[in-house]
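Asks: Starting off with a structure, shown below.
The values are calculated or read from the model by the stated rules, or taken from the named source; none is laboratory data. Given the structure is predicted, the values throughout are model-derived calculations rather than measurements. Counting neighbours? That spans all protein chains shown, and the Cβs are built from the backbone with ideal geometry, glycine included. To get the accessible areas, we keep the full protein, side chains included, count just its heavy atoms, and leave off ligands, DNA and RNA. Shrake-Rupley method; radii C 1.70, N 1.55, O 1.52, S 1.80 Å.
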Amino acid sequence: MEKQEYTITVYTENTIGMIGRITGIFSRRKINIESLNTSPSEVDGIHRFTILISESEEVVRKLCRQIEKQVEVLKAYFNTNDELIWQEQALYKVPADVIAEKAYVERLLRQYGANVVVIRNDYIVFETAGHREEIDRLTAELGKYKLIEFVRGARIAIIKDSAGFHAKLKQFEEEEPAPDIVENEFLDQRDDVFTM
Amino acid sequence: MSTLEKTETLEATTIAANTQISGSQAVLEALIHEGVDTVFGYPGGAIMPIYDALYDYNDKLKHILVRHEQGGIHAAQGYARTSGRVGVAFATSGPGATNLVTGLADAMIDSNPVVCITGQVFASLLGTDAFQETDVINITTPVTKWNYQVTDATEIPSVLAKAFYIAKTGRPGPVLIDITKNAQLQLFDYEGYNKCNHVRSYRPAPIVRKEYVEEAARIINEAKKPFVLFGQGIILGKAEEEFKRFIEKSGFPAAATVMGLSALPTDHPLHVGMLGMHGNYAPNVMTNECDVLIAIGMRFDDRVTGRLDKYAKQAKIVHLDIDPAEIDKNVKAAVPVWGDCKETLPMLTALLDKIDHTAWLQQFRELEKEEIKEVINEELNPTTDIMTMGEVIRELNELTGGDAVIVTDVGQHQMVACRYAKYNQSKSSVTSGGLGTMGFGLPAAIGAWYGTPDRDVIAIIGDGGIQMTIQELGTIMQFGAKVKILILNNEFLGMVRQWQQLFHDKRYSFVNITSPDFVAVAKGYYIDGNKVTERKDLKSALKTMLEHDGSYLLEVMVGKENNVFPMVAQGTSVSEIRLK
C-alpha cells in the first residue's frame, strides 16, 4: 500500500502523561512521527493533538483504533492533506548585514510572505507560515546566505468537513455509547494481508 | 458469603461519610466497597502508611504476604481468572513497583482485570532520584490499560472507583495506581465512596450494530463449511451459555484458543480441540478448508494463525469482539460484529437457520483419528518405559474427572496440559497465553486457589519455570493455600530444546538445566511431597497428592527429549501442521 502524508487529530482529556501514551503507540511500531502539536481545542478542557506521519491508510486506520483504545482519548480522526486546511510556521534568524547589503534577500522574504518579528543591529528575525514546501523552499534560499538559526513548528490543521467537537462531546458525556463511533464499512477486499 | 450478606455487612463495617480519615484508610475503604476480600502484596518504605492502616482491617481484608512482588501480581491474576473478579496487588515504590512489570505485561496481553496499588515517595521528592523512587507511571504506561499517580488524598476515592471500573469493564486489563506517601498520610474529609459507572472518554464496549449481526447471520446461514474459533472473550463476557446455544443450534464445529480453554467443556460433542502452534490437527487443517470462519472473543495471535498470508484465505471471516482495535488487526473480517458477545451471540443465534452440519463435523473427526493414531496414542499410552507428560495428564484427568482448575507455567508441559487436560466447567484453565511468562504457574496457582478455594487447584510446572518463582513456596507455607504442585521434570528447558533440535541442528545451547531436590526444597518449606521415576508409582502418587489435605508437591520424571507434536513450525501455514 502507498504511503502518504496523514494528519491524525486526537481529542483527549487534558491529563498528564497523555503524550507518552499516544507517542508510545507509534514508537512501539517503529513509526516515526514527523510532527506533533498539542494545543487546546474548540472545547474547553479538551486537548487536541495534531500528529503528522507518512504511512499507508490501513496502518493509519489501525493506529487510530489503538489511540482511541486509550482510556483518556475521546476520538481520533485521520485525514489526507486535501481534506485539511493546514499550516506550519517557521522562524528565521538572518544576519542584519546580509539584509542590509543584499537587497534581494529582503525581496525574497517579501515574496514568501515572511514578516519581520525582531530587528536588531546584528540580526533580524523573520517569521512565515504556510505549507511545508513553501517553508522548505525559503529555507533552501536563505541557506545560501548566513542563516544563523532556523526552527519550524509542528503542523496544525483544521478538518474541512468537521463540525467541531462540541456535539460529539455531548454524546460522550451521555452514558450510552453514540451509534456512530463505529465507522467501519463492510470490508470485503480480502486480498491483501496486512502486517503492521 | 453471598452478595446479599456482603451488602448488609458493608454498611456496618465501612467508615461513614463526613469523617476525617487518612488517604491510606480511603484506599482500604475503596477496596471493601469494591467487594475485594483478598490482597496479594509486599510492604516497603513508601507503602508503609497503607500497611499501617491495613493492621486495623485485618478482619475485613485478607492480605497474603507473597515472597516477591512478581508473585503478588501473578497471584492477583490467578485470582481474577478463577473468580471472575478483580485481583488486587500491593507493592512499594522503586523495586517493588518494577517487580510488577512482568505481571502487568502478562495481564495486559491476556486481559486480566487487576488493580495494582504502589507506594511512591513523597510528592515533594518526585523527580529528585529519591531513595526507592522510580518513574513507575512511565515504566508501566505500555503495559497498563490505565495508570494514574495520586499526590493528594482527596482524589483517592474517585480514582480507585475509576480504577476498578476500567479494570473490569469492556476488555478487562490491568490498572496501576501510584500513591505518594504524603497522600497516604494526609487526613481529609471523607465524603463516602461512590462506585464509578461512566468515564466520558472511555467506551467499555462499542454499540452493537444490528445490520452487522444480520449480515453475519446471512453469511453463516449460507455457509456449507462453517467453523467457529473461540477465545477468552467468552469467559470474560460470561457468555458460556450463549455460546453453547449458538454452536448447538446448527451444530458448528468449534475450536478453542489457549486462552479460550474451558469456555466449552472439553467433551462437548462440537468441541474439536485446540488451535495454534501445538494445537490439534483437525482445527488447524480445517482453518484452511472452511468457507466461513466465525471468530469469537479472540485476537488471531500469531501462534494461532501461523503464516498470515496463507491463513484461511478461502474463508469469509466473521469476527465478534468487544475491542474494535482487534477487528482487522491481523486478519481482515468480512463482517465485524462489534460488541460484548453476551449481547451479540443471542442476537446472532436468533437469526440462524437450523442447518445440519453433521457431515462437515465428521471431517474433523476423521482428521482427529489421524492425530490419535500418529501422536495422541503414543503420548497418552506410551509403549516405552519412559514416562510422557501426556500420560501424567491422562492419569490426572481420570482422577479429577475434569473438575480441577489446571494452572500451568510456560513451555512443553503447558502445551501438553492445554492439549490433554479435561475441563468440565468454565474458568478452569489458568495459563500465561500471550506473554508466555515462565514463573507464572506457582504464584498464579496460589491466587487461583484464593479465587476458588473449594476447587482442586493443580499447578503443572516444568523444572525450569518452577525455579523462576520457587520462593512462593514460602507463601504457601505461611498462608496454607491448598495448591497441588505437579512438576514435570525433563531435565531440560524443554521447549527451547525442542526448537534447537528441530531448527538449530540439535545444537543444545544452555538448555541443560539442573534442579535441586524439589521434594527436599518443599520439605524445607514444610510442604509434603514425593517424586516418581517409574510408571508403576504414578497413579498412586497422583492420588496421594490429590487426597492430601493441604498443599503438596509431586515431581514426575518424564522423557528428556520428548517433543510436543503436532506443530505448526514458525513461518508455515496452519495447514502445513506436522504430526512428527
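Asks: Quick one: order B:I32, A:I158 from most to least accessible surface, probe 1.4 Å.
Replies: Accessible-area ranking of B:I32, A:I158, largest first: A:I158, B:I32.
Asks: Residues with beta-carbon under 13 Å from that of B:Q501, excluding B:Q501: net charge, scoring Lys, Arg +1 and Asp, Glu -1?
Replies: It works out to a net charge of +3.
Asks: Would you list A:I119, B:I458 from the most to the least accessible area, probe 1.4 Å?
Replies: Largest accessible area first, the list is A:I119, B:I458.
Asks: Can you tell me the FRET efficiency between B:Q501 and B:E370 if r is taken as the Cβ-Cβ distance and R0 is 25 Å, rounded to the nearest 0.05?
Replies: 0.60
Asks: Go through A:E2, A:E83 and list them by solvent-accessible area, largest first, probe radius 1.4 Å.
Replies: Correct descending sequence by accessible area is A:E2, A:E83.
Asks: State, to one decimal in nm, how far the label point of B:K210 lies from the label point of A:D122, with both points 7 Å from Cα in the Cβ direction.
Replies: 7.4
Asks: Restricting to DSSP H runs of at least four residues, report the calculated mean residue ellipticity at 222 nm for the protein assembly as shown, -39500 (n - 2.57) per run over all residues, nearest 500 deg cm²/dmol.
Replies: The helix-only estimate for the protein assembly as shown comes to -10000 deg cm²/dmol at 222 nm.
Asks: Averaged over every viewing direction, what's the projected area of the C-alpha convex hull for the stretch B:254-338? Give it in nm², one decimal, please.
Replies: Here the figure is 5.2 nm², rounded to one decimal.
Asks: Convex hull over the Cα atoms of the stretch B:91-174, averaged projected area in nm²? Please list the in-between numbers first.
Replies: Working: hull surface 20.6 nm².
About 5.1 nm², averaged over all directions.
Asks: How many Å² of accessible area per residue for the protein assembly as shown, probe 1.4 Å?
Replies: 41
Asks: Considering only B:T533, B:V101, B:T257, whose Cα is most displaced toward the positive end of the charge dipole of chain B, charges sitting on Cβ of Lys, Arg (+1) and Asp, Glu (-1)?
Replies: About the Cα centre, the residue reaching furthest to the positive side is B:T257.
Asks: Report Rg/Rh for the stretch A:4-79, rounded to two decimals, where Rg is the Cα radius of gyration and Rh the Kirkwood radius.
Replies: Reported Rg/Rh (Cα atoms, Kirkwood Rh): 0.93.
Asks: Give the residue from B:P283, B:C341, B:I247 lying farthest towards the positive end of the charge dipole for the stretch B:210-364; charges sit on Cβ (+1 for Lys and Arg, -1 for Asp and Glu) and the dipole is referred to the Cα centre.
Replies: Farthest towards the positive pole: B:P283.
Asks: Still on this structure: List the extent of the Cα atoms of the stretch B:428-468 along each of their three principal axes, largest first, rounded to whole Å.
Replies: That works out to 29, 21, 12 Å along the principal axes.
Asks: Something else now. Could you compute the net charge surrounding B:Q120? Neighbours are other residues with a C-beta less than 11 Å from the C-beta of B:Q120; K and R count +1, D and E count -1.
Replies: Counting the neighbours of B:Q120, the net charge comes to -2.
Asks: Using Cα pairs closer than 8 Å and at least 6 residues apart in sequence, work out the relative contact order for the stretch B:310-364, in percent. Before the final figure, lay out each step's value.
Replies: Working: 41 pairs, mean separation 16.0, N = 55.
Computed over the stretch B:310-364, the figure is 29 percent.
Asks: If I model chain B as equal point scatterers sitting on the Cα atoms and use the Debye formula, what is log10 I(q)/I(0) at q = 0.07, 0.12 Å⁻¹?
Replies: -0.43, -1.19
Asks: Pick out, in residue order, every one of the trypsin sites (Lys or Arg not before Pro) in the stretch A:1-98 that is DSSP loop and has at most 15 other C-beta atoms within 10 Å; say none if there are none.
Replies: For trypsin sites (Lys or Arg not before Pro) across the stretch A:1-98 that sit outside H, G, I, E and B with at most 15 neighbouring Cβ atoms in 10 Å, the list reads A:K3, A:R28, A:R29, A:K30.
Asks: What is the mean number of Cβ atoms from other protein chains located within 10 Å of the Cβ atom of each residue in peptide B:319-329, rounded to a whole number? Please list the in-between numbers first.
Replies: Details: counts 0, 0, 0, 0, 2, 8, 8, 2, 5, 7, 5.
Taking the mean over all residues of the peptide, I get 3.
Asks: Keeping all protein chains in position, work out how much accessible area A:Y145 exposes to a 1.4 Å probe, and write it in Å² to the nearest 10.
Replies: We get 50 Å² for A:Y145.
Asks: Would you kindly derive the ³J(HN,Hα) couplings of the stretch A:43-55 from the backbone phi angles with the Karplus curve 6.51 cos²θ - 1.76 cosθ + 1.60 (θ = phi - 60°), listing them in order in whole Hz, with x for Gly and Pro?
Replies: Computed from phi, the couplings for the stretch A:43-55 are 10, 4, x, 9, 8, 10, 9, 10, 10, 10, 9, 10, 7 Hz.
Asks: Treat every Asp and Glu Cβ in chain A as -1 and every Lys and Arg Cβ as +1, leave all other atoms uncharged, and give the resulting dipole magnitude about the Cα centre to the nearest 20 debye.
Replies: 880
Asks: Rounding to the nearest 20 debye, state how big the charge dipole of the stretch A:85-156 is about its Cα centre with +1 on each Lys and Arg Cβ and -1 on each Asp and Glu Cβ.
Replies: About 60 debye.
Asks: Taking A:K3 as the anchor, which lysines have their alpha carbon closer than 29 Å to its alpha carbon, excluding any fewer than eight residues away along the same chain?
Replies: A:K30, A:K62, A:K69, A:K75, A:K160, B:K310, B:K313, B:K316, B:K329, B:K332
Asks: Enter the mean projected area of the convex hull around the alpha-carbon atoms of the stretch B:210-364, in nm², rounded to one decimal.
Replies: Taking a quarter of the hull surface, the average projection is 7.6 nm².
Asks: When 1/r is averaged over all different Cα pairs and the result inverted, which Kirkwood radius in Å belongs to the protein assembly as shown?
Replies: Values: mean 1/r = 0.0349 Å⁻¹.
It works out to 28.7 Å.
Asks: When the convex hull of the C-alpha atoms of the stretch A:88-144 is computed, what volume per residue in Å³ does it have?
Replies: With only Cα atoms used, the stretch A:88-144 gives 63 Å³ per residue.
Asks: What percentages, rounded to whole numbers, describe P(r) for the stretch A:1-132 computed over all alpha carbon pairs with 10 Å bin width beginning at zero?
Replies: Result returned by the calculation: 11, 33, 23, 19, 13, 1.
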